[in-house]
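Below: one structure, written as structure tokens.
The numbers here are math on the coordinates, done by the rules we state, and not lab data. Keep in mind it's a predicted model, so treat the numbers as computed, not measured. Don't worry about glycine lacking a Cβ; one is built from the backbone with ideal geometry, like all the others, and counts go over all protein chains shown.
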Amino acid sequence: MSNTNDIILEVKGLKQYFPIRAGFFQKVVGHIKAVDGVSFSIHEEEIFGLVGESGCGKTTLGRSILRLYDPTAGEIWFRKKNGERVEISHLINKAMKPLHPYTEALISAIPPADPDTPFNQILLSGEVPSPANPPTGCVFHTRCRYAEDICRQEEPDLVEVKPNHAVSCHFVTELDLRGIGG
Ligand code: SF4
């Protein structure tokens with residue numbers, strides 16, 4: 001069982017924005033939000049997985065943690081003791097039962113171990129939202145099959161629904177999502 005005293009790496013609210021420049025004077029006209037408010041902790045003897053589609057910011061996140069980039073905002077703590085709260089977004093629990101629609105779609109891409117079991121992958125339509133011009137509300141709403149009006153208008157808070165498991169979805173308590181082999 002992990003606790004806050006055995007945290008090896010803690011990332012809090014990490015943001016990595018890159019300026020978009022245009023014109024003769026190369027004025028900054030916008031930003032590509034490659035990483036936008038990521039928080040998680042990695043404990044001793046823990047295997048931590050970071051999953052997502054191509055272009056979702058995984059590599060940039062790793063480079064920012066290694067300080068190959070200067071982060072725009074946030075904190076990165078290595079081997080800090082008594083690091084205060086654990087936040088992990090879109091995490092799947094030990095039974096691989098997702099609580100976020102994006103995670104549900106990602107793990108549906110895992111083929112079943114038994115080749116006779118039907119492979120029922122959830123295919124996400126549309127493109128990964130542009131980090132230079134993310135959609136309003138929930139960033140996943142343009143491709144989420146559960147999206148409602150509120151998803152297009154309001155960004156969901158990251159809410160800790162159980163210890164070490166936080167999710168940002170307006171309907172986290174209502175959706176019954178498919179797990180592995182579901
Ligand atoms: S907030 Fe809405 S759009 Fe976003 S993941 Fe939840 S159901 Fe889908």
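Take the alpha carbon atoms of the chain, find their radius of gyration, then divide it by 2.2 N^0.38 Å using N residues; give the quotient.
Cα Rg divided by the expected 2.2 N^0.38 Å: 1.12.
Could you work out the Rg to Rh ratio of region 1-87, with Rh taken as the Kirkwood radius (inverse of the mean 1/r over all Cα pairs)?
Value, to two decimals: 1.08.
Would you mind calculating the relative contact order of region 1-87 from Cα pairs under 8 angstrom and at least 6 residues apart, reporting the percent as a whole number? Numbers along the way, then the final one.
Numbers: 155 pairs, mean separation 39.4, N = 87.
Computed over region 1-87, the figure is 45 percent.
Taking the Cα centre of the chain as origin, sum charge times position over the Cβ atoms of Lys and Arg (+1) and Asp and Glu (-1), and report the length of that vector in debye to the nearest 20.
Dipole about the Cα centre, nearest 20: 700 debye.
Using the charge dipole of the chain (Lys, Arg: +1 at Cβ; Asp, Glu: -1 at Cβ; taken about the Cα centre), state which of Val128, Thr59, Tyr146 has its Cα farthest towards the positive end.
Thr59
Going by how many other beta carbons lie within 10 Å of each one, how would you line up Tyr146, Tyr102, fewest first?
Details: Tyr146 15, Tyr102 22.
Lowest count first: Tyr146, Tyr102.
With the chain treated as a Gaussian network of Cα nodes joined by springs under 10 Å, which of Phe40, Phe48, Phe25 yields the largest mean-square fluctuation?
Phe25
What aspartates and glutamates does Lys58 reach when the alpha-carbon gap must be under 14 Å and sequence neighbours fewer than 8 apart in one chain are set aside?
Asp36
May I ask you to list the aspartates and glutamates whose Cα is less than 15 Å away from that of Lys27, ignoring any residue fewer than eight positions away on the same chain?
List returned: none.
Please check: in the Gaussian network model of the chain (C-alpha springs, under 10 Å), which one of Arg143, Arg21, Arg67 has the largest mean-square fluctuation.
Of Arg143, Arg21, Arg67, the Gaussian network model singles out Arg21 as fluctuating most.
Take Thr59 and Arg79, extend 7 Å from each Cα along the Cα→Cβ direction, and tell me the distance between the two endpoints in nm.
So the two model labels end up 3.0 nm from each other.
Compute the length gained on full extension between Asp149 and Ala132: take 0.36 nm times their separation in residues and subtract their Cα-Cα distance, giving the result in nm to one decimal. Don't skip to the end; give the middle numbers.
Details: separation 17, 0.36 × 17 = 6.12 nm, distance 2.29 nm.
Going from the current span to full extension adds 3.8 nm.
Before anything else, pin down the relative contact order of the chain: Cα pairs under 8 Å, at least 6 apart, normalised by residue count, whole percent.
23
Using a Gaussian network for the chain with springs between C-alpha atoms less than 10 Å apart, which of these wobbles most: Glu154, Glu104, Glu53?
Top of the fluctuation ranking is Glu53.
Check the straight Cα-Cα distances from Lys162 and name the aspartates and glutamates below 12 Å, setting aside those fewer than 8 residues away within the same chain.
Within reach: Glu87.
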